[in-house]
Amino acid sequence: MAGRRRITLDGSLEHWRAHVRELVREGVAPTDVEWVDPLRSPQDGGALFASLEAPRPTPPRDVPPLSLPKALVASLETASCSRSPLVWDALYRVVLRIASGERGLMDDPLDEDTVRLARLEKDVRRDAHKMHAFVRFRRIADESARNGERFVAWYRPSHIIVRREASFFRRRFPSMDWSILTPDGCVHWDGKAVKHSPGVERDAAPSGDELEELWCTYYASIFNPARVKVAAMTAEMPRKFWDTLPETAQIPELLADVPRRLQEMAQNSRRNAESAAPFVPPRNDVDALAEALSSCEGCELHRNGTRPVAGEGPVDAAIALLGEQPGDVEEQAGRPFVGPAGEELDRALSGVGLERDALYVTNAVKHFRHRVTVGPRGKRRLHARPTVEHVSRCQPWLDAEMRAVRPLALVCLGVTASRAVFGPTFRGPIADEPPVVRSSRYARATIATFHPAAVLRARSEEDSGAVRAHIASALALAAAVVRGAPVRFGAPPPAPDAS
């Protein structure tokens, strides 16, 4: 600890900022600073600060402010509400690097310090979302209030967000007088101004009122048994909030009625299916999805005499490949990419050192859309590109697959696959433009390239070589992401050309 600068904070971002200006000016390394903040003491030190007088904040020097990007300032304001004892060190590391010349640091989503800052922001925003959802007001008589009544709630946030979220509740409930009581501090609204006061414990708030019966009736009416996952529900609504939520008392009764209501809902939804959603099982694992897919009637393609082809591969695959739809050979075999295009894909995978068995391979549309022709060799089924509606109706299957696999990298093979991920206006890959790594809802690294069938349809050796090279580059990028190599992320998907 010798030689380290020990700075005691008052818990506010403003106090930390003043010290940071001084530290950055002197070029002090993060490892040479010890931040002390009684509000964010590790649990093993909490008793110490409880039994001793709180340490006095260290006065900062008068140093001119730093010039920082607006996006970083906003991130600091959010992340600084974290209760983590490491928050000030994490924020200082980012500020010091940017102030030292790394102005593009925030654009690198794989940098360790950037990832840490993003995680702190996410935790605070998630806690704010829970506060918005789980604060429950009780009505009490209050002669000093505008209407002779005040609505009071007690809440225990995970992070230090009460002041940050006061404006949300002021905008949401402007016409009523309310108070939100927490151990960190209390916030009050009287129709004119937001006021703050010291924190209190649970017994300072009322325990119930006549409005709760109405709210519980409403909650039971909107309870959706089709989306019940007890583990997910307790993750989203932790039990520490239950004693302030009147609706939780009836949850056991509602859960007991789930099987009956699910059966009733399934019968109704299958009769009026407008997509594959009613046919996707609530348990989103690969085996359950493959089993349920055989009975899908989400679009008219199930009537054309083909069977759907499920994705295949390990559930923990780091890389997923997404094609357009199964072809004639795939439909007959019941497996994706086993025809001529699949052979081309296998050659591309081998060329970049990837093993097919380690990947999860699927298609955006699960049935084979085709047209039938009659020639000298009899009837033939020829490929017909799926429409936007087919992709949309089949999207619930893809959503469920990606939730089950959660790949680190997703390679979209062809325009249809790319549009299933990035939207119907995505223009698709261009042979003379290298593949780009983008973020999507399915994978942090998502790469669009050509379908292997484009190699077979190429008009010349030169064209087929360019397509092969593009596919190989996309696969190599995906492999680099999985290895943890530094990869530059590109711009959001461009809109199609006006022509």
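The values are calculated or read from the model by the stated rules, or taken from the named source; none is laboratory data. Nothing here was measured: the structure is a model prediction, and the numbers come from that model. In this analysis, Cβ positions are derived from the backbone assuming ideal geometry, glycine residues included, and neighbour counts consider all displayed protein chains. With ligands, DNA and RNA removed, areas are computed over all heavy atoms of the protein, side chains included. Shrake-Rupley method; radii C 1.70, N 1.55, O 1.52, S 1.80 Å.
The table below gives the values:
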read-out: Where a residue in the range 180-206 is more than 13 Å from Arg138 (Cα to Cα) and its partner, wherever it lies, is loosely packed, with under 12 Cβ neighbours inside 10 Å and among the small types (Gly, Ala, Ser), with Cβ under 6 Å and at least six apart; value: Cys186/Ser197
read-out: Selection within the range 11-60 - modelled with pLDDT of 85 or more, among the acidic types (Asp, Glu) and closer than 13 Å to Pro85 by Cα; value: Glu34, Asp37
read-out: Residues (in contact with a helix residue (DSSP H, G or I) (Cβ under 8 Å, 6 or more places away or on another chain) and either modelled with pLDDT under 95 or farther than 17 Å from Ala453 by Cα (or both)) located in the range 395-413; value: Gln395, Pro396, Trp397, Leu398, Ala400, Glu401, Ala404, Val405, Leu408, Ala409, Leu410
read-out: Candidate set from the range 382-395 (those that are of a type in the set (S, T, N, Q) and part of a helix (DSSP H, G or I)); member that is least open to solvent (accessible area, probe 1.4 Å); value: Gln395
read-out: Failed item in (1) modelled with pLDDT under 95; (2) within 27 Å of Glu331 (Cβ to Cβ), with Glu462 passing the rest; value: (2)
read-out: Scan of the range 139-152 for residues that are surrounded by fewer than 19 Cβ atoms within 10 Å (Cβ to Cβ) and either within 29 Å of the chain's Cα centre (by Cα) or in a strand (DSSP E or B) (or both), ordered by number; value: Arg139, Ile140, Ala141, Glu149
read-out: Pairs, first of a type in the set (D, E, K, R) in the range 60-80, second surrounded by 13 or more Cβ atoms within 10 Å (Cβ to Cβ), C-beta under 7 Å, six or more apart; value: Arg61/Glu22; Glu77/Leu13
read-out: Residues (open to solvent by 30 Å² or more (accessible area, probe 1.4 Å) and over 32 Å from the mean Cα position of the chain (by Cα)) located in the range 287-333; value: Glu300, His302, Arg303, Asn304, Gly305, Arg307, Asp328, Val329, Gln332, Ala333
read-out: Every residue from the range 1-42 that is assigned to a helix (DSSP H, G or I) and either among the basic types (Lys, Arg) or in contact (Cβ under 8 Å) with a residue 60 or more places away in the chain (or both); value: Leu13, Trp16, Arg17, Val20, Arg21, Leu23, Val24, Arg25, Pro30, Leu39, Arg40
read-out: Subset of the range 153-171 [open to solvent by 40 Å² or more (accessible area, probe 1.4 Å) and in contact (Cβ under 8 Å) with a residue 12 or more places away in the chain]; value: Arg156, Ser158, Ile160, Arg163, Arg164, Ser167, Phe168, Arg170
read-out: So Ala153, is it among the small types (Gly, Ala, Ser), touching a helix residue (DSSP H, G or I) at 6+ places or on another chain (Cβ under 9 Å) and either at pLDDT 85 or above or closer than 30 Å to Ala79 by Cβ (or both); value: yes
read-out: Checking Gly339 against (1) closer than 27 Å to Thr449 by Cα; (2) touching a residue at least 60 places away in the same chain (Cβ under 8 Å), the condition it does not meet; value: (2)
read-out: Only one of Ala448, Ala472, Ala466 that is hydrophobic (A, V, I, L, M, F, W, C), in a helix (DSSP H, G or I) and closer than 22 Å to Pro326 by Cα; value: Ala472
read-out: Glu274 farther than 30 Å from Leu475 by Cβ, open to solvent by 70 Å² or more (accessible area, probe 1.4 Å) and not polar (S, T, N, Q); value: yes
read-out: Tally of residues being charged (D, E, K, R) and either touching a Cys at 6+ places or on another chain (Cβ under 8 Å) or over 16 Å from Val286 (Cα atoms) (or both) across the range 376-406; value: 7
read-out: Any hit, the range 368-376, residues being open to solvent by 50 Å² or more (accessible area, probe 1.4 Å), touching a helix residue (DSSP H, G or I) at 6+ places or on another chain (Cβ under 9 Å) and either closer than 26 Å to Asp463 by Cβ or assigned to a helix (DSSP H, G or I) (or both); value: yes
read-out: Members of the range 181-204 that are among the charged types (D, E, K, R) and not in a loop (DSSP other than H, G, I, E, B); value: Lys195, Arg202, Asp203
read-out: Looking only at the range 451-463, and only at residues there that are touching a residue at least 24 places away in the same chain (Cβ under 8 Å) and in a loop (DSSP other than H, G, I, E, B), the one that is nearest to Trp397 (Cα to Cα); value: His451
read-out: Residues being in a helix (DSSP H, G or I) and on the phi > 0 side of the Ramachandran plot - total across the range 84-138; value: 0
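For every residue, the table says whether it meets (1) in contact with an Asp or Glu (Cβ under 8 Å, 6 or more places away or on another chain); (2) crowded, with 18+ Cβ neighbours inside 10 Å; (3) without any contact (Cβ under 8 Å) to a residue 12 or more places away in the chain.
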| site | (1), (2), (3) |
| --- | --- |
| Arg380 | no, no, yes |
| Trp397 | no, yes, no |
| Ala400 | no, yes, no |
| Pro429 | no, yes, no |
| Asp432 | no, no, no |
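Listed here are the residues, each with its yes/no results for (1) modelled with pLDDT of 85 or more; (2) within 21 Å of Pro486 (Cβ to Cβ); (3) touching a His at 6+ places or on another chain (Cβ under 6 Å); (4) surrounded by fewer than 17 Cβ atoms within 10 Å (Cβ to Cβ).
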site: Val73; (1), (2), (3), (4): yes, no, no, yes
site: Leu76; (1), (2), (3), (4): yes, no, no, no
site: Ser82; (1), (2), (3), (4): yes, no, yes, no
site: Pro85; (1), (2), (3), (4): yes, no, no, yes
site: Leu120; (1), (2), (3), (4): yes, no, no, no
site: Asp123; (1), (2), (3), (4): yes, no, no, no
site: Ala128; (1), (2), (3), (4): yes, no, no, no
site: Met131; (1), (2), (3), (4): yes, no, no, no
site: Phe137; (1), (2), (3), (4): yes, no, no, no
